[in-house]
Amino acid sequence: MLTIYGPQDKKSGFCDGLYRRDFLKIGGMVMGGLTLPQLLAAEAQAGAGRSHKAIINIFLGGGPPHQDMWDVKVDAPSEIRGEFQPIKTAVDGIEICELFPMIAKSMDKFVPIRSIVGSSGGHAAVQAVTGRAPNNPPAGGWPSMGAWVSKLQGPVNQTIPPHLSLMYKTDHGPWGDPGSGGFLGMKHAPFRLVGGKGAKRSVQSRDNMVLKDITLDRLSDRSALLTSFDNFRREADASGAMEGLDGFTQQAMGILTDSKLAEALDYTKEDPKLIERYGKGNPGFTADGAPKVTENFLVARRLVEAGARVVSMNFSRWDWHGGNFNRARQDMPMLDQALTALVEDLDHRGMLDDVGIVCWGEFGRTPKINKNAGRDHWPRVSCAIMAGGGIRAGQVIGATNRLGEYATDRPVTFSEVAATLYHNIGLTWDYVMYLPNRQFDLRGRPYTPVDAVVMPLRELV
């Protein structure tokens, strides 16, 4: 990403010790929150924003415990059942964990999936961001879902890249990996809006391009900006880092020099009641995982409203080999509040049918609780929850056995979820399978977003 540093304003500090104008990252992340009121108004007049379909992909890195979320096993032995009780929801016959009371009240807008199968077992986001297993990739690699959407549908407007990522770089790198453009090319890779903790800065890194000596106060000076960028380009060319970056730099320059966006990036202008509804996040990183920034759920909505087609994000660290239930009591209520706020916000704005949401991890957790009150890795089955995008909500898909060990009804693959998201954004099966719309890897082999045998979930579309 391009990072532009700004002067510290000691009068506008936040509680985390950072300051509102300390930095600005391309696309508008400011201290974990984004404000776009003026930009949205201008784009709405231009016809962009609420008229397009979009996807918000929320990754819970580490493997959330399926039996402590949407598939509580009350009839299992105590060493499997755990500490939580199920609660009734707004939909008769559907029960979920007591730590999700807000989702329970809004269950008519959600679809828990209790039978996700086919995990590769890797501690990574790859299947959640591509819909593909990491094995046997094509020449150039699997494109992420956002890359396919970017390639086949393009941008809504030129100041907002269609494929954006709010996934923090994590010390365990695969949990912060939003995927790439794969064989579709770097132009369609995610435009990263947030960084990580203690990352080394290098001009050789595509994700850490810094315009040196340019502060926010000098953004209006296009001449200085272009001069700095030219100097950067010469340095990067010498290292070979500029290869394939034209798409990124064009987007970056368009965004940086757009006065409407610069004027809109003031976090203090957000509606305090709306921010409160999403919950107070914690910007501190959770061990080797992501921070718990609930405000990014709001940011994702605003990015979509501004013109983004696919936004990915990560939230917290869910690899709970110890203290599973204590960690759940901390993280699950935060997820409950932020996710329901996102759905309600989209619904209130008339956007929910256009924006598909999925929230999931890379695998599930062991039925048996270990000696440290934790659950270990369990790739045989996991869970997800979906909302929006015009799906038929208010139902549960799939089931597991009494112990939560394996799927007994309607196993669902990562690819089927991806196919459903593609379908809802307009990339229907017949469209992507139409020969002229197929794309070719670096060896000339044709590919589509999902294999021809993979169909959207029939229960939802």
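The values are calculated or read from the model by the stated rules, or taken from the named source; none is laboratory data. Keep in mind it's a predicted model, so treat the numbers as computed, not measured. Note that we place each Cβ from the backbone using ideal geometry, even for glycine, and neighbour counts take in every protein chain shown.
Observations, loosely collected:
- Within the stretch 109-122, not a single residue is out of contact with any strand residue (DSSP E or B) (no Cβ under 8 Å at 6 or more places or on another chain), part of a helix (DSSP H, G or I) and not small (G, A, S).
- Pair list, Cβ under 8 Å, 6 or more apart: the stretch 126-139 residue of a type in the set (S, T, Y), other residue surrounded by 24 or more Cβ atoms within 10 Å (Cβ to Cβ) and assigned to a helix (DSSP H, G or I): T130/M145; T130/G182; T130/A418
- Considering the stretch 344-385, and only residues there that are basic (K, R) and farther than 15 Å from S120 by Cα, the residue that is surrounded by the fewest Cβ atoms within 10 Å (Cβ to Cβ) turns out to be K371.
- Unique match (being over 30 Å from P155 (Cβ atoms) and at pLDDT 85 or above) among R327, R309, R277: R327
- Flag for A419 being surrounded by 23 or more Cβ atoms within 10 Å (Cβ to Cβ) and in contact with a Leu (Cβ under 9 Å, 6 or more places away or on another chain): yes
- Contact annotation: residue pairs with Cβ atoms under 9 Å, 6 or more positions apart or on different chains, pairing a residue in the stretch 366-378 that is touching a residue at least 24 places away in the same chain (Cβ under 8 Å) and on the phi > 0 side of the Ramachandran plot with a partner that is of a type outside the set (A, V, I, L, M, F, W, C) and crowded, with 16+ Cβ neighbours inside 10 Å, are A373/N324.
Residues checked against (1) surrounded by fewer than 23 Cβ atoms within 10 Å (Cβ to Cβ); (2) touching a helix residue (DSSP H, G or I) at 6+ places or on another chain (Cβ under 6 Å); (3) at pLDDT 95 or above:
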{"position": "F23", "(1), (2), (3)": "yes, no, no"}
{"position": "Q45", "(1), (2), (3)": "yes, no, no"}
{"position": "A54", "(1), (2), (3)": "no, yes, yes"}
{"position": "G62", "(1), (2), (3)": "no, no, yes"}
{"position": "H66", "(1), (2), (3)": "no, no, yes"}
{"position": "V72", "(1), (2), (3)": "yes, no, yes"}
{"position": "S78", "(1), (2), (3)": "yes, no, no"}
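- Single condition I160 does not satisfy, out of (1) buried (at least 21 other Cβ atoms within 10 Å of the Cβ); (2) under 23 Å from Y447 (Cβ atoms): (2)
- For the stretch 53-87, a tally of residues being in contact (Cβ under 8 Å) with a residue 24 or more places away in the chain, among the β-branched types (V, I, T) and in contact with a Pro (Cβ under 8 Å, 6 or more places away or on another chain) returns 2.
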